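S.K.: Take this structure first; my questions come after.
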Amino acid sequence: MNRLQSALDFIEAISRQSDVDAMLEQLRRVVGRFGFESFLLTGVPDPGRRIDGYIMLSGWNQGWLDRYVAEDYVQVDPIARRLQTATDPFVWSEATAGLDLSAAASRVMDEASGFGMKDGLCVPLCDLDGRRSVLSLAARTIDLAPADKGVLHLVGMYAQNRIREMIEARREAAESRSVLSPRERECLQWTAAGKTSWEISAILHLSQSTTDGYIASATRKLGATNRTQAVAVGIRRGLIQ
């Protein structure tokens with residue numbers, strides 16, 4: 001299978017994906033086709049901000065990730081600094097060639113090498129809301145064909161968009177769970193199973209009017225206009241199955 005086809009298969013697969021861990025493994029496999037052994041998909045922090053709140057998917061060695069975050073290396077990392085202005089994919093070694101790196105910047109690069117990240121490729125990304133992020137790929141050595149940067153940019157764009165959708169869905173689900181009562185969720189779940197209000201009232205030993213009240217309340221809280229739409233919203237947010 002060629003690299004472009006691997007990327008297209010990845011894009012198709014994540015369009016149906018709702019599990020973050022599964023998506024992490026899918027991204028690991030596709031970048032592995034290009035020879036990369038580790039990766040990080042993260043937002044680009046503004047200068048002075050820590051990176052830990054921006055990380056979306058990490059395929060870094062956990063020891064290196066912990067150290068990078070704990071030491072706040074993003075403040076002195078020459079690759080992170082380049083990302084403040086970069087718009088096109090760039091190779092780490094090319095971006096730092098000829099630069100007079102500070103001792104702190106050199107230490108970051110040397111320590112990364114110790115974790116097998118001797119060189120890499122950064123793919124700057126931007127979503128429709130203007131939020132900047134990057135797919136940072138690393139390996140001991142890299143060997144990319146001329147078209148590979150464009151293909152990896154495509155992978156990065158789709159990965160960024162899908163993981164942001166998944167994060168937003170999780171946030172909405174958490175907010176909804178704190179809003180919907182257990183009875184409202186229970187009635188909505190039975191509605192999703194195709195039960196009528198009368199059937200739900202019999203199952204839960206409630207009056208039909210009480211059941212209708214729970215469903216109406218859940219519908220209103222979810223911003224839906226009817227129970228069918230409420231079920232769709234509930235499924236999308238992970239509240240019901």
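Throughout, read-outs are computed from the coordinates displayed, never taken from laboratory work. This one's a predicted model, so the numbers in the text were calculated from it and none came from an experiment. Counting neighbours? That spans all protein chains shown, and the Cβs are built from the backbone with ideal geometry, glycine included.
S.K.: Run the paramagnetic zone check for residue 113: 7 angstrom along Cα to Cβ, then residues of the stretch 124-165 with backbone nitrogen under 18 Å.
M.R.: Taking a point 7 Å out along Cα→Cβ of residue 113, the residues of the stretch 124-165 whose backbone N falls under 18 Å are 138-143.
S.K.: Can I ask one more? Counting Lys and Arg as +1 and Asp and Glu as -1, each charge on the Cβ, what is the dipole of the stretch 180-236 about the Cα centre in debye, to the nearest 20? Before the final figure, lay out each step's value.
M.R.: Details: 7 positive and 4 negative charges, 41 e Å.
Magnitude of the dipole: close to 200 debye.
S.K.: Another question, then. Work from the charge dipole of the chain (Cβ charges, +1 for Lys and Arg, -1 for Asp and Glu, about the Cα centre) and give the residue of 224, 155, 120 farthest towards its positive end.
M.R.: Going by the Cα projections, it comes out as 224.
S.K.: Next question, about the same structure. Between residue 241 and residue 28, take the C-beta separation as r, use R0 = 30 Å, and let me know the FRET efficiency to the nearest 0.05.
M.R.: The formula returns an efficiency of 0.60 here.
S.K.: If a/c stays under 1.5 just call it rounded; otherwise compare a/b with b/c (prolate if a/b is bigger, oblate if not). Do that for the stretch 51-139, with a ≥ b ≥ c from the square roots of the Cα gyration tensor eigenvalues.
M.R.: Note, shape of the stretch 51-139 comes out oblate.
S.K.: Computed FRET efficiency, Cβ-Cβ of residue 221 and residue 193, R0 25 Å: what is it to the nearest 0.05? Mind dumping the intermediate values first?
M.R.: On the way: r = 20 Å, r/R0 = 0.80.
E between residue 221 and residue 193, to the nearest 0.05, is 0.80.
S.K.: In the chain, if the dipole is taken from +1 on Lys/Arg beta carbons and -1 on Asp/Glu beta carbons about the Cα centre, which of 63, 234, 201 is farthest to the positive end?
M.R.: Most positive-ward Cα: 201.
S.K.: To the nearest 10 degrees, how steeply does helix 103-114 sit against the main Cα axis of the chain, on a 0 to 90 scale?
M.R.: 70 degrees
S.K.: Roughly speaking, what is the stretch gain from residue 52 to residue 181, that is 0.36 nm per residue apart minus the C-alpha to C-alpha distance, in nm to one decimal?
M.R.: In short, 43.2 nm is gained.
S.K.: Moving to a separate point now. Restricting things to alpha carbons, tell me how big the stretch 111-172 is in terms of Rg and Dmax, in Å.
M.R.: 14.1, 41
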